[in-house]
Amino acid sequence: MSTTRHTRLLIIGSGPAGYTAAVYASRAMLEPILVQGIQPGGQLTITTDVENWPGDASVMGPDLMVRMENHAREMGAGIISDHISDLDLSQRPFRASGDTGTTYTADAVVLATGAQARWLGLPSEEHFKGFGVSACATCDGFFYRGQQVVVIGGGNTAVEEALFLTNFASKVTLIHRRDSLRAEKIMQDRLFKNPKIEVIWNHEVDEVVGTDAPRGVEAVKARHVETGAITEVPCKGFFVAIGHAPASDLIKDQLKLHSGGYVWVEPGTTRTSIPGVFAAGDLTDHTYRQAVTSAGMGCMAALDAERWLAEQAAGEVKAAE
């Protein structure tokens, strides 16, 4: 049986941005509803050790997200296990349809649906995710001090990851399927001048090779795109850097976007192109993509929403006088 629930603030997404927005919105007495989505907790739920969350020298990603969820609940946020399949931002109150049959109406909305790294789609890649296969050098590079790592990709992201990894790894091998990079020229210059980096051109990765007891990466098998010859490249870490895909399908035809699908926000705020709709975290951030920056934006979104709702209420009172 379908039901309708109304809230002053609907938060869609449950990563650091969503849960932080829920904490701040609850403290502002907005009684927010947060809809968790398909992957409650977001990308951190598939991350093992997190060593860059302030206050925790080391914490498991899933544990951190459970703590954030509990914090939001303690503050009074309504946490709902549902997935929003349709969102209508054409009029207020905004309307969202959940897979459970529930319709959510809201005076304001915070979008925190995040982004997902693009993967190669290899079974071996999936098998070793979190055990040597990563899509975030700034998150996991520290674990490969003095070891060999491989990065795949040819754009700015791949070059940035490779350069960053030279701070830790003894050798970084960049594998690219073409004979030239797409990255900016100045970044390419830095890459080619770095003695720790070797580039393997015209190759694609076919398989990640490793052990199961304990689970870990030992090498990748790279195939030449023209000859088909296989080269096995030793490594302890394999970083996939072929881009990210923001989860913006819900609003791609309703909100202004930028940089290949990320939600545009007014600089210095979380305000989107539609008044009353705010965006936070990886959904709008194609530069930093860190848990701590997402949490900061979640705070901003809740405060922006609180102020906007107060302005609307004040305007309604003045109009009634």
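The values are calculated or read from the model by the stated rules, or taken from the named source; none is laboratory data. All values derive from a computational prediction rather than experimental measurement. Here the Cβ positions follow ideal geometry from the backbone for every residue, glycine too, while neighbour counts run over all protein chains shown.
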Fill in: Every residue from the stretch 21-63 that is more than 15 Å from the chain's Cα centre (by Cα), touching a residue at least 24 places away in the same chain (Cβ under 8 Å) and either part of a helix (DSSP H, G or I) or buried (at least 20 other Cβ atoms within 10 Å of the Cβ) (or both)
21, 22, 23, 24, 25, 26, 27, 30, 32, 33, 34, 35
Discussion item. Taking the criterion of being in a loop (DSSP other than H, G, I, E, B) and over 29 Å from residue 161 (Cα atoms), would at least one residue in the stretch 116-139 satisfy it?
Written reply: no
Discussion item. Checking the structure you have, find out if any residue of the stretch 302-320 is small (Gly, Ala, Ser), assigned to a helix (DSSP H, G or I), at pLDDT 95 or above and buried (at least 20 other Cβ atoms within 10 Å of the Cβ).
Written reply: yes
Worksheet item: Can you find even one residue in the stretch 67-83 that is surrounded by 19 or more Cβ atoms within 10 Å (Cβ to Cβ), more than 19 Å from residue 249 (Cα to Cα) and small (Gly, Ala, Ser)?
Response: yes
Response to the item:
Selection from the stretch 136-192 of residues farther than 18 Å from residue 222 by Cα and among the small types (Gly, Ala, Ser) yields 137, 141, 146, 155, 169, 170, 183
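Residue by residue, here is whether (1) buried (at least 23 other Cβ atoms within 10 Å of the Cβ); (2) without any contact (Cβ under 8 Å) to a residue 12 or more places away in the chain; (3) at positive phi; (4) touching a strand residue (DSSP E or B) at 6+ places or on another chain (Cβ under 8 Å) holds:
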{"residue": "195", "(1), (2), (3), (4)": "no, yes, no, no"}
{"residue": "215", "(1), (2), (3), (4)": "no, no, no, no"}
{"residue": "221", "(1), (2), (3), (4)": "no, no, no, yes"}
{"residue": "226", "(1), (2), (3), (4)": "no, no, no, no"}
{"residue": "229", "(1), (2), (3), (4)": "no, yes, no, yes"}
{"residue": "240", "(1), (2), (3), (4)": "yes, no, no, yes"}
Worksheet item: When residue 269 is evaluated against the numbered criteria (1) over 24 Å from residue 182 (Cβ atoms); (2) of a type in the set (S, T, N, Q); (3) in contact (Cβ under 8 Å) with a residue 40 or more places away in the chain, which criterion, by number, is the only one it fails?
Response: (3)
